[in-house]
Structure formats: C-alpha cells, structure tokens
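Visitor: This structure is in structure tokens; I'll ask about it shortly.
The values are calculated or read from the model by the stated rules, or taken from the named source; none is laboratory data. Model, not experiment: these values are computed from the prediction. Note: ideal-geometry Cβ built from the backbone for every residue, glycine included; neighbour counts use all protein chains shown.
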Amino acid sequence: MSSAVTLSRSAARRIWMRAQRLDSRAPFGAGPEATHAAVEHLGYVQIDTIHVIERCHHHILWSRIPDYRRADLQRAQTVDKSVFEYWTHALAYVPTRDFRYCVGPMMRERRRPVAQWFGTVTDADVRRVLRLIKAEGPLTVRDFKDDVLVEKTHAWASRKPSKAALQVAFFRGQVAISERAGMVKTYELTERHFGWDKLPRPTTERQWHTHLLDRALTAQGVVSIGSACHHQRPPAKAGVRALIEARVKRGDLVPVIIEGAEKVPHWAEPSTLAAVPDLDQELVHVLSPFDPLIILRKRLAQFFGYEHVFEAYVPKAKRVFGYFALPVLVGDEVVAVIDFKTDRDQGALLVQQWTWVGRGDERRHRAPIEAELDRFERFQLARS
C-alpha cells in the first residue's frame, strides 16, 4: 500500500485547476470540436435558468474556450448529437458517450408511479404526448394547445399537464431534448433523435461507481469521496470507497493529505502527483457560481479558503456579496467577488457590487481584472 503524500493547499489548487483546464487560456482550442471536447473532459456542464447574466452552461464553456460561440453548443446537441441533456447532480449537458450511465436511472423512473410527479400528470398524459411526438416529429411544450389547465400542487409544477408529461417522459428516457432555444426545449423520441434501434443497455452498479470515480479523477485531479459522489445516493459512496481501497492496494491511487484539510481523506493517481503543475499567476478567470470549480462548495473552501454562498435565494438585507455574485480568480487565488447584471437594452455589463476577498488587493489586482471584464462584457453581449 502506498504511503500518503502531503500537498500544500497551493499545490492542491493547481492540480485541481489543471484538471479543470483553467490553467491556460485555450486548452480545448476553438470551434464546435472544442465544445464537444470540453464537455467530455469535464463530464458534465450544468444548466440553469437564471438569466441575470449569460446562462451558466454558456459561461462555463466560455471560461475554457475564449472563442466560444453559443451556436457551437447548439450544434453539438442538435446536429452532431455529441452531447445530450440529463440529470447529474442537476440538469446538465453530458457527453453522449456516457449515455449508458443514465439508462439505469431512466429505468428506475419508468418503475416510479407517475402520480409522484407533483400529482398533476397521469399515465394517459404521458402516452398522449408520446403519440403526438411520434406522429408529428419534435415538439415544444408550446405546440400542445389543447391542455385543460389544472391547479398546481407543487411550486415547481405546471398548470399544463403536457409540460409535466414531457418532464416525466424525459426523465424516463422516452424523449430527449433535441434542441434548446434559450430555455425553450424541443422534445424528440430518444431513439429517433440518436438514430438508435433501442436504448443502450444499462450499466451495472460497479460500472456506475467506476464511472463516478474516473470522471472525478479526470476533472478534479485529487478526489475525495464527497467530490466524486456529489449529490449521489448513499450506496454510490460505499461503492466508490471500495473501488478506491482496491486501487490503493494495487498502487493505482495514492492517499493524499491536504494541509489545512487533513480530516478529509483524498486520493490521486501517481502520475498526477509526479509533477505539480505551474500556473500563470497573471491569468484571470471570472467564474459562474455553477462552474464545476465553484459548485463543490466544501471542496472550494478546503482548497481555496473561500466560502461561496449563492445569494440569489438569500433575503436582500442579508446578502454579503450580492444577488448573482461571481468569484474572480487571479492565478490560483480567489481575490474578488463581483455582483453583475447585464443591461441588454443599453448594451452594458453592470457591476452592482465589488468585494475584495482573501489576498485581493485594489492596486495589484484591479487592472488585470478590469481587462478581463472587458472580454467578459463582449461575451455577455454577443448574440451568437
């Protein structure tokens, strides 16, 4: 069994940033191929509806692809079909190569009573939307015009039974989102969208746990049980732990102790620890609160010494950083948190609040951050 390796917080941060491909400006190149490559490497790119600034899936990709165009993601989803939407820890774009890992959850949803879906949809509603899509081709919820509206039984429910029915069919894998225009989704029969005779076979539990671990090792470099199993069911944690123990015995993984976070066991592959990457200390990143580097809140605090709170759901009087505050990295440190709003009518990115954190320094950091904000504003206001 390998003895533990101790890493400084700085070294752990640099390994994580290298794994996240935030240690260089254009790690995936440019064009549609870069978008596909980024989603495959990260494992998933979260989707969110908030539109105070550009939606997070576009923002996450732009952070790693300087020449990113929104049309590149649309092409990957609709034309190349190299990515698809499904639930990871949240709704996300996932590489189509990983579709088989979602089939098990889809089958579980098919066994789940439809009445559990907010009580506003029936099996007959699901059969109806599937018949219409089969007969007419891809449809959006706006194409279902004969709904008899019902009362909501849940805050997230819809008064339109067809919308709830489409959600059920989506989670069951019966339909796929074949195109997205903003937050308007077009649904197509899954097999017809991908050109398959039938869905791939579901993976075994062990294959699923292996996928979780390998995905984390690729996108995080140094992993913990919690970071590999973010928002997964408890059995996944036990399965991943067993895999880690077996790999440690074979020498495929090495235990890691991170200074300042000694109570949380971590592991890494020997090749990851062989050469801790250098980092351009002048590189600036304005990251989405849903970026894979930021969304793992406990890990972020352990590695960066910065605790991010998403304050959109915090009462205004209790906000510290602002409604939609974005962490700003210079090198491998979070030095500022800036609350933004995009004024699309006036064509401007507005800074609502600027807060220095950590070792952030007005004289040292203001100029490089403002230069990056110019680039960020151009991205926000671009139409394609």
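Visitor: Residue by residue through region 278-304, note down the ones that are at pLDDT below 95 and either out of contact with any strand residue (DSSP E or B) (no Cβ under 9 Å at 6 or more places or on another chain) or at positive phi (or both).
Guide: Correct list: ASP278, LEU279, ASP280.
Visitor: Related question: Given the conditions (1) surrounded by 14 or more Cβ atoms within 10 Å (Cβ to Cβ); (2) of a type outside the set (A, V, I, L, M); (3) assigned by TED's automatic domain parsing to the domain that holds HIS365, which single one is not true for PRO265?
Guide: If we test PRO265 against (1) surrounded by 14 or more Cβ atoms within 10 Å (Cβ to Cβ); (2) of a type outside the set (A, V, I, L, M); (3) assigned by TED's automatic domain parsing to the domain that holds HIS365, just (3) comes out false.
Visitor: All but one of (1) on the phi > 0 side of the Ramachandran plot; (2) out of contact with any Ser or Thr (no Cβ under 7 Å at 6 or more places or on another chain); (3) small (Gly, Ala, Ser) hold for GLY251, so report the exception by its number.
Guide: Looking at each condition in turn, GLY251 falls short on (2).
Visitor: Just the residues that are surrounded by fewer than 22 Cβ atoms within 10 Å (Cβ to Cβ) and either part of a loop (DSSP other than H, G, I, E, B) or without any contact (Cβ under 8 Å) to a residue 60 or more places away in the chain (or both), please, taken from region 59-85.
Guide: Across region 59-85, the qualifying residues are PRO66, ASP67, ARG69, ARG75, VAL79, ASP80, LYS81, SER82.
Visitor: Quick check: is even one residue across region 352-364 in a strand (DSSP E or B), more than 24 Å from GLU282 (Cα to Cα) and modelled with pLDDT of 95 or more?
Guide: Checked region 352-364: at least one residue is in a strand (DSSP E or B), more than 24 Å from GLU282 (Cα to Cα) and modelled with pLDDT of 95 or more.
Visitor: Looking at LEU300, LEU381, LEU349, which one is under 30 Å from PRO255 (Cβ atoms) and of a type outside the set (Gly, Ala, Ser)?
Guide: Being under 30 Å from PRO255 (Cβ atoms) and of a type outside the set (Gly, Ala, Ser) holds for just one of LEU300, LEU381, LEU349, which is LEU300.
Visitor: Same structure, new question: Exactly one of these conditions fails for LEU349: (1) over 20 Å from the mean Cα position of the chain (by Cα); (2) touching a residue at least 60 places away in the same chain (Cβ under 8 Å); (3) not in a strand (DSSP E or B). Give me its number.
Guide: Failing condition for LEU349: (3).
Visitor: Still on this model: For LEU279, which of the numbered conditions (1) in a helix (DSSP H, G or I); (2) more than 30 Å from MET107 (Cβ to Cβ); (3) under 25 Å from the mean Cα position of the chain (by Cα) fails to hold?
Guide: (1)
Visitor: Taking the condition of being surrounded by 14 or more Cβ atoms within 10 Å (Cβ to Cβ) and touching a strand residue (DSSP E or B) at 6+ places or on another chain (Cβ under 7 Å), how many residues in region 352-369 meet it?
Guide: Number of matching residues: 11.
Visitor: Now, a different point. Tally the residues that are without any contact (Cβ under 8 Å) to a residue 40 or more places away in the chain, among the hydroxyl-bearing types (Ser, Thr, Tyr) and crowded, with 20+ Cβ neighbours inside 10 Å, restricting the search to region 159-214.
Guide: Residues flagged as without any contact (Cβ under 8 Å) to a residue 40 or more places away in the chain, among the hydroxyl-bearing types (Ser, Thr, Tyr) and crowded, with 20+ Cβ neighbours inside 10 Å within region 159-214 amount to 2.
Visitor: I would also like to ask the following. So which residues in region 17-36 are surrounded by 19 or more Cβ atoms within 10 Å (Cβ to Cβ), among the small types (Gly, Ala, Ser) and under 18 Å from GLN74 (Cα atoms)?
Guide: Once the filter is applied, which keeps residues that are surrounded by 19 or more Cβ atoms within 10 Å (Cβ to Cβ), among the small types (Gly, Ala, Ser) and under 18 Å from GLN74 (Cα atoms), region 17-36 yields only ALA34.
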